[in-house]
1. Over all directions, how big on average is the projection of the convex hull of the alpha-carbon atoms in region 40-117, in square nanometres?
2. If one takes the longest principal axis of the Cα atoms in the chain, at what angle in degrees, from 0 to 90 and to the nearest 10, does the Cα axis of helix 118-128 lie?
3. Would you mind computing, in nm to one decimal, how far apart the modelled labels at residue 245 and residue 232 are, each placed 7 Å from Cα along Cα→Cβ?
4. Principal axes first, then extents: for the Cα atoms of region 180-242, list largest minus smallest coordinate on each axis, whole Å, largest first.
5. Want the number for residue 96 to residue 176: 0.36 nm per residue separation, take away the alpha-carbon distance, what's left?
6. Which value results when the Cα radius of gyration for the chain is divided by 2.2 N^0.38 Å?
7. Compute the long axis of helix 70-83 from its Cα atoms, compare it with the longest principal axis of the Cα atoms of the chain, and write down the angle in degrees, 0 to 90, nearest 10.
8. Considering only the chain, what is the antiparallel percent among its DSSP beta bridges, to the nearest 5?
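Only the coordinates and a few stated rules stand behind these numbers; no lab work does. Just so it is clear, the model here is predicted, and its values are computed rather than measured. Positions of Cβ are backbone-derived with ideal geometry, glycine not excepted, and every protein chain shown enters the neighbour counts.
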């Protein structure tokens, strides 16, 4: 296995507790579009605590989750036990993928794809995805709406304290190449985008926890600046909503990529 950096180790308890899940309606759209019928295998690459793997398990015969962070594998195992999902968990990464894992009808990724050598990963995935299989990249964005005006304050403080390496791998960076552009030059060049828009309500503590769930503002990244970060974040958010309750309009999306026929 390539050298392990431990980038996400300190995020694990916050990720499992505070990172929002994708809506079930989005999984249902993916299943309908891809005619998932309980057969075939799913690989959730960079599975984290297993949110996607567990939610998609009912559409496949077998599900494998793979992640380089041992604590994430432990968290995914616990989540699967709680949910009653049948998920096999393996420590590994995009660089350790091989035919020994088997063939897959679908490979899913959440926010993990941005950390990979995306072109090289897609070449490898071409060898383990079935001929009519697909890649599904899950993500979300906060929509511009009156109730979401607190978001710019939250992002401003996060950017001020963030790990610069994480910012370079973020969609808001003008120099960042979108996933769709990378997919278009791969074998998986036929792209579709499915979306579901939902309203979400969070407390101040939940937003602080969500910040700690991200590698760019993890406890490990912040180090001795953690107290300053949290103090500024709470002050900025309370200035917008003194009640400590925050509404958000969110578009959750799945980018589906198929081989050109």
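1. 4.6 nm²
2. 40 degrees
3. For the pair residue 245/residue 232, the computed spacing is 3.0 nm.
4. Extents along the principal axes, in whole Å: 47, 30, 14.
5. On the way: separation 80, 0.36 × 80 = 28.80 nm, distance 2.50 nm.
Contour length minus the Cα-Cα distance gives 26.3 nm.
6. Numbers: Rg = 18.4 Å, N = 261, 2.2 N^0.38 = 18.2 Å.
Relative to the 2.2 N^0.38 Å estimate, the chain comes out at 1.01.
7. For helix 70-83, the angle is close to 80 degrees.
8. Values: 23 of 40 bridges.
Restricted to the chain, the bridges split so that about 60 percent are antiparallel.
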